[in-house]
Amino acid sequence: MGPGVGEPERSVVTIGVFDGVHRGHQRVVRRAVELAAGRGLRTVALTFEPPPDEVVRPGYRPLRLTTAKRRSVLLRELGVDEVVVLPFTTETAELSPAEFTRSVLADRLRAAAVVVGEDFAFGHDAAGDVETLRLLGEKYDFAAEGVPLVLDVSSTLIRERLAAGDVVGAAEGLGRPHRVEGVVVRGYQRGRQLGFPTANVESPPQTAIPADGVYAGWLECVPVANRPVLYEGERWPAAISVGTNPTFEGVPRTVEAYALDRDDLDLYGVHVGVDFAERLRGNTRFDSIEELVDQIQDDVDRTRRITS
């Protein structure tokens, strides 16, 4: 028997912060999608904003691997039908496992099954675990499943790799290159003066940005809801600079990307994604502009080989 008039369909729910939507998250989400497909149900990913740890641990503000929008896109690419973002407040943190299950999973999402990582904890003081969820599922008519973790993959480890400039290691955990998103803003335009015009990307606060250095990767124009975007969906190999540019004093830390062989782009105000493939070198102070230009040309040549 289907849902009553005006009553939402039942769903298979997967729960998590999903920062990065890394390979461990992907395993859990794919299991939820598989289970939903087998039962003819929709898949719902339940996530939180801000992440619960930022509320229950005042002062704890880890860098974000993905924006909320990017996280939603990645979850949908895995087959999720709907992403529900639950505002996480001090009141939410006070809910017992039973209260959270009744109000959110049973009443709001009408869960027929709930799929989580095997280390899942929920409710006030993280008092609930997968076994708690199974027992509550018997009361509220849903099955609960804990999916084994992917060893050596976590959002924390990926952040550590990025902080060390190890974007290859970060990509191994993510299952794709790490991306920094933001809007292109006007900078000092020194790249243009040197013959390598760069897009100066202003990313949101708390963005996980790789260590200072020069990287090979890609620059992509990202669609924005209800607004046409110049060069929408276009993607170019790019030489990427992260840092303060020590050759020029007093420059704040920036992420700048030079789209190879494209000195005709007008990207100001455009939302872009910068994907990091490989670290080429650390930042160096050069004694002359000529030395800097020679090094940039070498960076471009290496980027071309890596991204080809």
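The values are calculated or read from the model by the stated rules, or taken from the named source; none is laboratory data. Source: prediction; values computed, not measured. Positions of Cβ are backbone-derived with ideal geometry, glycine not excepted, and every protein chain shown enters the neighbour counts.
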Tell me which residues, restricted to the range 262-305, are over 21 Å from ALA164 (Cβ atoms), touching a residue at least 60 places away in the same chain (Cβ under 8 Å) and in contact with a helix residue (DSSP H, G or I) (Cβ under 6 Å, 6 or more places away or on another chain).
-> VAL293
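Here is a yes/no grid of residues against (1) acidic (Asp, Glu); (2) outside the structural domain of ASN283 (by TED's automatic domain parsing); (3) in contact with a strand residue (DSSP E or B) (Cβ under 6 Å, 6 or more places away or on another chain):
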residue: PHE122; (1), (2), (3): no, yes, yes
residue: ASP152; (1), (2), (3): yes, yes, no
residue: ARG159; (1), (2), (3): no, yes, no
residue: ASP166; (1), (2), (3): yes, yes, no
residue: GLU181; (1), (2), (3): yes, no, yes
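Residue-by-condition table, conditions (1) surrounded by 15 or more Cβ atoms within 10 Å (Cβ to Cβ); (2) at positive phi; (3) among the aliphatic types (A, V, I, L, M); (4) part of a helix (DSSP H, G or I):
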site	(1), (2), (3), (4)
THR66	yes, no, no, no
LEU75	yes, no, yes, yes
VAL85	no, no, yes, no
VAL104	yes, no, yes, yes
ALA113	yes, no, yes, no
Given the residues GLY38, GLY79, which is the only one that is surrounded by fewer than 20 Cβ atoms within 10 Å (Cβ to Cβ), part of a loop (DSSP other than H, G, I, E, B), among the small types (Gly, Ala, Ser) and modelled with pLDDT of 95 or more?
-> GLY79
Tell me, which residue of the range 255-308 that is modelled with pLDDT of 90 or more and touching a Ser or Thr at 6+ places or on another chain (Cβ under 8 Å) is nearest to GLU172 (Cα to Cα)?
-> ALA277
Can you tell me which of ARG61, ARG70, ARG57 is basic (Lys, Arg), more than 18 Å from PHE142 (Cβ to Cβ) and touching a Lys or Arg at 6+ places or on another chain (Cβ under 8 Å)?
-> ARG70
Just name the residue that is farthest from the chain's Cα centre (by Cα) out of those in the range 140-162 that are charged (D, E, K, R) and within 21 Å of THR43 (Cα to Cα).
-> ASP141
Within the range 281-308, tally of residues that are over 20 Å from ARG176 (Cβ atoms) and within 25 Å of the chain's Cα centre (by Cα) = 2
Given the conditions (1) farther than 19 Å from GLY273 by Cβ; (2) modelled with pLDDT of 95 or more; (3) surrounded by 16 or more Cβ atoms within 10 Å (Cβ to Cβ), report the number of the one that GLU99 does not fulfil.
-> (3)
Would you tally the residues in the range 14-52 being of a type in the set (Lys, Arg) and within 17 Å of VAL130 (Cβ to Cβ)?
-> 2
Quickly run through the range 157-168 and pick out the residues that are over 19 Å from ARG27 (Cβ atoms) and either aromatic (Phe, Trp, Tyr) or surrounded by 16 or more Cβ atoms within 10 Å (Cβ to Cβ) (or both).
-> ARG159, ARG161, LEU162, GLY165, ASP166, VAL167
